[in-house]
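The values are calculated or read from the model by the stated rules, or taken from the named source; none is laboratory data. Predicted model only: the values in this text are computed from it and were never measured. Positions of Cβ are backbone-derived with ideal geometry, glycine not excepted, and every protein chain shown enters the neighbour counts.
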Amino acid sequence: MKNIYFDNAATTFVDGKVLDTMLPYFSDEFANPGGSYTAAKRAKKAVEDARECIAKIIGAKTSEIYFTSGGTEGDNMLIKGMVYSLRPYRNHIVTSVIEHNAVLNTCKYLEKQGSSVSYIPTDKYGFVDMNRLKRSINRHTAIVSIMMANNEIGTIENVEEIGRICRSMKVPFHSDCVQAFGHIPVNVNKLGIDMISISSHKIHGPKGVGAVYIKDNLSIYPLIHGGNQERGMRSGTENVAGIVGFAMAAKLAHEKMTDNYMYCCRLRNYIINRLRKEFDDVMLNGPDCTMEKMSGTRLPGNINISFQGVSGYSIVDELSKRGICSSSGSACSQSKKGPSHVLMGIGLGEERASSALRLSIEPENTFDEADYVISCLKEIIKQ
Ligand code: PLP
C-alpha cells in the first residue's frame with residue numbers, strides 16, 4: 001500500500017543530514033557540556049554554535065536564544081515567566097481565540113491563579129481584530145501573545161502591526177512562531193517581536209527540542225530551576241544531539257526557504273483548485289490563498305477544507321485505510337473529539353467545523369501524490 005504523508009503540520013521526518021549531524025553526540029561526543037575537560041568543551045561549543053545559527057536566522061543576538069524541549073515548553077515558559085515577573089502590578093494577558101492549546105491552556109491555568117485574560121476574536125479568515133486588540137491592552141497588561149501562523153488554517157497574522165501596537169503601548173509581545181519558523185521569514189527585529197517560541201520537529205529536525213528568543217532588555221522568571229544551564233533560564237543538562245540537529249534543520253530550511261515556499265504554494269493551490277472542481281460542496285477554511293490579494297496570507301503548506309455533511313474524522317480514517325496520513329485538526333487536539341476551537345473561533349458552525357480535513361504538505365510531496373489523494377477523496381465522499 002502507498003504511504004503518503006500529508007500531515008506535516010503535526011510533525012516531519014528527520015532529514016538525513018540532520019540525523020548525520022546528531023549521531024556523534026550519542027556516541028563519541030557524548031560528554032556533558034557542563035564539564036571542564038576537552039570533550040565537554042567540544043559539546044559546549046556545539047551547543048553555542050547551534051545557538052549562533054538560530055540567532056542569525058531570526059536576526060537576534062546569541063545571548064537572546066535559550067534552548068527548550070519544544071514549542072509547548074517555550075509558550076509556557078514565556079507567558080508564565082513574564083506574568084510571574086510582573087504580577088501583581090501587571091496580571092492581564094491578551095491573546096486570541098485561535099491560539100494553540102500550549103498558549104490557551106497556559107492562559108487558563110494563569111486565570112485560575114488570578115490573572116485576567118482577554119481572548120481577541122478574529123474574522124472569518126482567522127485574522128485577529130486589531131481594534132479589539134488595541135482596546136484590550138491596558139496598564140495592567142503583562143504580555144500580548146499572538147501566534148505568527150495558525151497550525152490548523154494557516155493564517156499568517158500581521159505580527160508587524162501587532163508589534164507596533166505593543167511597542168507604542170509599552171507591552172511585551174510574544175509570538176508563537178512554531179508553524180512559521182523555517183517556512184516563512186521570521187526576523188524578530190523587523191517584526192518588532194520581544195519573545196518567540198519555535199520548535200524543531202516541524203522543520204525536519206528531531207522531536208523534543210526547540211528554542212525561545214527573549215529580547216535582552218526583558219526579565220522573565222525561569223520555570224525550571226536546577227544547575228543553571230541556559231544561563232539560569234532553563235536548567236537541565238542540555239540535549240546536545242537534539243540542539244545540534246535543530247540548528248542543522250533550521251539552517252537547511254532557511255537555505256531552501258524561497259524554493260520550498262514557491263513549490264508548496266503551487267502544490268497547495270493546485271490541490272485547492274482541483275478539489276473545488278471535483279466537488280460541489282467543498283469549502284476552504286482560512287484565507288483564500290488562490291486569490292491574488294490573499295496569496296501571502298496563508299502558510300504555503302496548509303490546506304483546510306470542509307466537505308458539507310461528512311465527518312472530518314471519518315475522512316481521515318478512510319484516507320488512512322488508503323495509506324494517506326492527514327488530520328481533522330491539530331495533532332495535539334486529536335484526543336479531544338469535537339469541533340476544533342480554531343474553526344469555531346473563526347465563526348464556522350459546528351457542522352462545517354466537524355467536517356474539516358487538514359492536508360499539510362511539504363516539498364517532498366508530489367503532484368502525483370496530490371492526484372492520488374484527490375482520487376481517494378472522490379471515492380470516500382461518494383460513499
Ligand atoms: N504551537 C503551535 C502553533 C503548534 O503547531 C505546536 C505543535 O503542533 C506547538 C505550539 C507545540 O509544539 P511542540 O510540539 O514542539 O511542543
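The condition (being surrounded by fewer than 19 Cβ atoms within 10 Å (Cβ to Cβ) and either farther than 26 Å from Glu160 by Cβ or basic (Lys, Arg) (or both)) is satisfied by just one residue among Gly232, Gly205, Gly245: Gly232.
Can you tell which of Ala60, Ala55 is assigned to a helix (DSSP H, G or I) and either farther than 30 Å from Ile324 by Cβ or more than 16 Å from the ligand (Cβ to nearest atom) (or both)? When all the criteria are applied, what remains is Ala55.
When Tyr213 is tested against the conditions (1) under 30 Å from Lys45 (Cα atoms); (2) without any contact (Cβ under 8 Å) to a residue 40 or more places away in the chain; (3) surrounded by 13 or more Cβ atoms within 10 Å (Cβ to Cβ), the lone failure is (2). For region 116-166, a tally of residues being over 19 Å from Asp288 (Cα atoms), crowded, with 22+ Cβ neighbours inside 10 Å and of a type in the set (Ser, Thr, Tyr) returns 1.
With the checklist (1) surrounded by fewer than 17 Cβ atoms within 10 Å (Cβ to Cβ); (2) within 15 Å of the ligand (Cβ to nearest atom) in hand, flag the one item Ala9 doesn't pass. Ala9 satisfies all of (1) surrounded by fewer than 17 Cβ atoms within 10 Å (Cβ to Cβ); (2) within 15 Å of the ligand (Cβ to nearest atom) except (1). Only residues that are closer than 16 Å to Gly74 by Cα and out of contact with any helix residue (DSSP H, G or I) (no Cβ under 9 Å at 6 or more places or on another chain) were counted in region 106-145, giving 0.
Here region 63-94 is the region considered, the condition is being part of a helix (DSSP H, G or I) and within 11 Å of the ligand (Cβ to nearest atom), and the residue that is surrounded by the most Cβ atoms within 10 Å (Cβ to Cβ) is Asp75. For the structure I just gave you, tell me whether Ala10 is under 30 Å from Ser320 (Cβ atoms), in a loop (DSSP other than H, G, I, E, B), touching a residue at least 24 places away in the same chain (Cβ under 8 Å) and touching a helix residue (DSSP H, G or I) at 6+ places or on another chain (Cβ under 7 Å). Against the criterion (under 30 Å from Ser320 (Cβ atoms), in a loop (DSSP other than H, G, I, E, B), touching a residue at least 24 places away in the same chain (Cβ under 8 Å) and touching a helix residue (DSSP H, G or I) at 6+ places or on another chain (Cβ under 7 Å)), Ala10 qualifies. Taken together, Ser311, Ser354, Ser295 contain a single residue that is of a type in the set (Ser, Thr, Tyr) and over 25 Å from the mean Cα position of the chain (by Cα), which is Ser311.
Among the residues of region 212-233, are any within 13 Å of the ligand (Cβ to nearest atom) and in a loop (DSSP other than H, G, I, E, B)? No: zero hits. For Asp20, the test of being in contact (Cβ under 8 Å) with a residue 12 or more places away in the chain and either touching a Ser or Thr at 6+ places or on another chain (Cβ under 9 Å) or in a helix (DSSP H, G or I) (or both) is failed. Within region 199-217, the set of residues being more than 30 Å from Ser360 (Cβ to Cβ) and out of contact with any Asp or Glu (no Cβ under 6 Å at 6 or more places or on another chain) comprises just one member, Asn217. Within the set Ile346, Ile303, Ile324, the sole residue that is at pLDDT 95 or above, in contact with a Leu (Cβ under 7 Å, 6 or more places away or on another chain) and on the phi < 0 side of the Ramachandran plot turns out to be Ile303.
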